[in-house]
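Here is the structure we will look at, set down as structure tokens.
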Amino acid sequence: MKLKNDDLIFMYKTMVRTRKLDEITIKGLQEGKVLAFYHSSQGSEALAVGAASFLRPDDYLWAHHRGHGIGYILAKGGSGRDFLAEHYGKATGSCLGVSGFHFADPENGALGAAGTIGSVFPMSLGWGLAAKKHGRQQVTIACFGDGGSNRGTLHEAFNLSSVWKLPIVWICDNNGMAQYTPITDAYAKDDIADLATGYDIPAVVVDGMDIIAVHEAVQAAVEKARAGEGPSMIEAKTKRFREHSIGSPDVVHNQPRTDEEIAEMKKLDPIITFKAKLLEQGVLTKADVEKINNDAEAEMAEMDQFCVDSQIPDPSILNTLVYAE
Amino acid sequence: MKEIRFVQAINEALEEELSRDEKVYIIGEDVQAGTFGVSTGLVHKFGPERIMDTPLSETVIAGAAVGSAMTGYRPVAEFMFADFMYVAGDEIFAKAAKWRFIHGGTVELPLVFMASMGGYAKLGAEHSQSPESMFMHTPGLKLVVPSTPYDAKGLMKSAIRDNNPVVYLFHKRLLGLKGEIPEEEYVVPLGQADIKREGTDVTVVATGMMVQFALKVAEELKEKVSVEVIDPRTLEPLDIDTIIESVKKTGRAIVVDEDTKRCGVASEIMAQIMELAFDYLDAPIQRIAAANYPIPGGFMEDYVLPQTKDIKAAIEAIAD
């Protein structure tokens, strides 16, 4: 699909909204409104928005856990307000305030989110199998990190997705860090994509800070999957701007990451570089950029107020949720 | 009525439900051939797309079942031995059991996890376990443990039609057991205990193979003690009312469980009897279960798993 100017603007807006939602969630955590924890996605917005934009609503999405999936969710048409309300523990949240930080929006193909890293593999395999059985050319977008790639479940699912030619696009957000452990101490090769080719799954490595590169790679894989040509894998090399979990130490093993190191990373900020590109190409004006920024801020302020004003769930719902009728 | 073996009863239930609902499919290792015979032959009628053989990939078998159930399928995932379900712990205990709950009821998980269970076959520690307590312990799972061909068929049909994850454990030593079932279609609802033998002196609660043990002992003791044998048939939901009603009548209760004694199913049922019928008890509740060891292979198995002589001794002692 050739991206039109409106598409580029949608992608830029969605990245800005993702960053603002990330920031307000961090603020909410610091103010005690967010009840659990939060794993910031700052630095991986280009991957999330590039991967999940312009999919079909009935395509299944397993979002990456960074940002608890926000970039993917917003790009796929999910509600930021439902996301934030869930984090605030409110009945208006996407899971009625019961999960605390998971997100589900089946109408938009987001069937749920997990707490255990690496469970993406068997579960997405199930969604891919269902997509194939349905016969409606749906695809499953299944995202994991370099940390998740260390799980043995990857083997079982990569293998069978290839044997059964399932319509799955495996996407690895490789930011080089699994909590405090660098990839160099967790994986023997340079590219995680090599794991896929071992199962005869075509794989590419892209610059995860470049939204267009990500989008083109994912769309090519999506088209193949829709055509019944089986799974693909995309490894996106990204940067993790923040600590693993907000408030946790920002360390490599036990050594703090330096300010210089972080500053160097932030020169690659995908929102800033994409903005510069769109300004240069004349797709956006400075006034447009300002309006997008202001609109996103206003949206977040409104969301925050809505979530603050929302009720906490009535505990009587608990008994209705364990088992279906 | 017709006479049928336990293994055929399960096979009939699967065949009927596969015919009834095209969303039902079976997935597991060698289900086309059928390791225990429960799914044998179905591939001829339903094809390999619905009787899906997988390699040795338990996490994917469970994940495929959970994932596809969320999108409208009704998979029956087969694990061969219940012991192998531990490999897929995350998919069973975290995903299947919790995902409807934690996602605010936005998804449903109509699926069956099926496996053989139990010992008395001298297959050693990793092919003989009775892991009911782990499933019963986990909110979100239902648990079926049939003891007769009639129940095996009727409960499997209910398990497949249920909109929740149901663990269905069939005892590998019961597969050859013959019993009568109706010619016409029937189901056995989940959560309804069955009084397998009526009696007035002692209540024995048991599931699976232990029901057959208890019935044998009750028959042997019939001149001396009138034993009532209650089979809950499903441990979640548990029909505690039928158990309590029996205990109120007999005043004496023994819970027999092939699972490990410590924190086992028997412990839970005893606790509920204590909570609900303490004033009716004429003697302390007895519990017969496997010793707190891994299940050994060879001749040593007999010293760990509950035996009919243990049940007999307990009944004689409590009735005395």
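The values are calculated or read from the model by the stated rules, or taken from the named source; none is laboratory data. Keep in mind that what you see is a predicted model, and the values were worked out from it rather than measured. Note: ideal-geometry Cβ built from the backbone for every residue, glycine included; neighbour counts use all protein chains shown.
Selection of helices (runs of 4 or more DSSP H) fully inside segment B:48-150 by the criterion of at least 2 residues being more than 22 Å from the chain's Cα centre (by Cα) and within 7 Å of another protein chain (Cβ to nearest Cβ) returns B:58-69, B:97-102. Scoring A:Asp82 on the criteria (1) surrounded by 24 or more Cβ atoms within 10 Å (Cβ to Cβ); (2) not in a loop (DSSP other than H, G, I, E, B) leaves a single failure, condition (1). Is at least one residue of segment A:121-140 touching a His at 6+ places or on another chain (Cβ under 9 Å), within 13 Å of chain B (Cβ to nearest Cβ) and surrounded by fewer than 24 Cβ atoms within 10 Å (Cβ to Cβ)? Checked segment A:121-140: no residue is touching a His at 6+ places or on another chain (Cβ under 9 Å), within 13 Å of chain B (Cβ to nearest Cβ) and surrounded by fewer than 24 Cβ atoms within 10 Å (Cβ to Cβ).
Taking segment A:146-160 as the range and being farther than 18 Å from B:Gly89 by Cβ and either touching a Lys or Arg at 6+ places or on another chain (Cβ under 7 Å) or at the interface with chain B (Cβ under 9 Å from one of its Cβ atoms) (or both) as the test, the residues that pass are A:Asn159, A:Leu160.
Looking across B:Gly264, B:Gly298, one residue alone is farther than 20 Å from B:Lys196 by Cβ, in the same structural domain as B:Gly199 (by TED's automatic domain parsing) and in contact with a helix residue (DSSP H, G or I) (Cβ under 6 Å, 6 or more places away or on another chain). It is B:Gly264. Restricting attention to segment B:151-190 and to residues that are charged (D, E, K, R) and either at pLDDT below 95 or in a helix (DSSP H, G or I) (or both), the residue that is surrounded by the most Cβ atoms within 10 Å (Cβ to Cβ) turns out to be B:Lys153.
Among the residues here, A:Gly43 qualifies as farther than 22 Å from A:Asn108 by Cα and surrounded by 24 or more Cβ atoms within 10 Å (Cβ to Cβ). Assess whether A:Gly71 counts as being crowded, with 23+ Cβ neighbours inside 10 Å, out of contact with any strand residue (DSSP E or B) (no Cβ under 9 Å at 6 or more places or on another chain) and of a type outside the set (S, T, N, Q). In short, yes. The residue that is farthest from A:Leu8 (Cα to Cα), among those in segment A:273-311 that are assigned to a loop (DSSP other than H, G, I, E, B) and under 27 Å from the mean Cα position of the chain (by Cα), is A:Ser310. Of all residues in segment B:82-96, those satisfying the criterion of being out of contact with any helix residue (DSSP H, G or I) (no Cβ under 6 Å at 6 or more places or on another chain) and surrounded by fewer than 24 Cβ atoms within 10 Å (Cβ to Cβ) are B:Asp83, B:Tyr86, B:Gly89, B:Asp90, B:Phe93, B:Ala94. Within segment A:95-113, the set of residues being in a loop (DSSP other than H, G, I, E, B) and more than 7 Å from every other protein chain (Cβ to nearest Cβ) comprises A:Gly97, A:Gly100, A:Phe101, A:Phe103, A:Gly109, A:Ala113. Taken together, the residues in segment A:186-227 that are over 30 Å from A:His134 (Cα atoms), without any contact (Cβ under 8 Å) to a residue 60 or more places away in the chain and out of contact with any strand residue (DSSP E or B) (no Cβ under 8 Å at 6 or more places or on another chain) amount to 4. Filtering segment A:312-324 to residues that are within 23 Å of A:Val34 (Cβ to Cβ) and within 28 Å of the chain's Cα centre (by Cα) leaves A:Ile312, A:Pro313, A:Leu321. Please tell me if A:Ile117 is crowded, with 24+ Cβ neighbours inside 10 Å and more than 9 Å from every other protein chain (Cβ to nearest Cβ). No, not satisfied. Inside segment B:143-199, can you point out the residues that are touching a residue at least 60 places away in the same chain (Cβ under 8 Å) and basic (Lys, Arg)? Across segment B:143-199, the qualifying residues are B:Lys153, B:Lys157, B:Arg161, B:Lys172, B:Lys178.
Yes/no matrix, rows are residues, columns are (1) over 26 Å from A:Lys76 (Cβ atoms); (2) surrounded by fewer than 16 Cβ atoms within 10 Å (Cβ to Cβ):
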position: A:Gly198; (1), (2): yes, yes
position: A:Ala203; (1), (2): no, no
position: A:Pro270; (1), (2): no, no
position: A:Lys286; (1), (2): yes, yes
position: A:Glu290; (1), (2): yes, yes
position: A:Ala298; (1), (2): no, yes
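Being β-branched (Val, Ile, Thr) and touching a Pro at 6+ places or on another chain (Cβ under 7 Å) holds for only one residue in A:Val308, A:Val252, A:Val289, A:Val283, and it is A:Val252. Please go through segment A:127-160 and give me each residue that is under 25 Å from B:Glu108 (Cβ atoms), of a type in the set (S, T, N, Q) and under 21 Å from the mean Cα position of the chain (by Cα), ordered by number. Passing the criteria: A:Gln138, A:Thr140, A:Thr153. If you go through segment B:183-201 and keep only what is under 23 Å from B:Ser226 (Cα atoms) and of a type in the set (Asp, Glu), you end up with B:Asp194, B:Glu198, B:Asp201.
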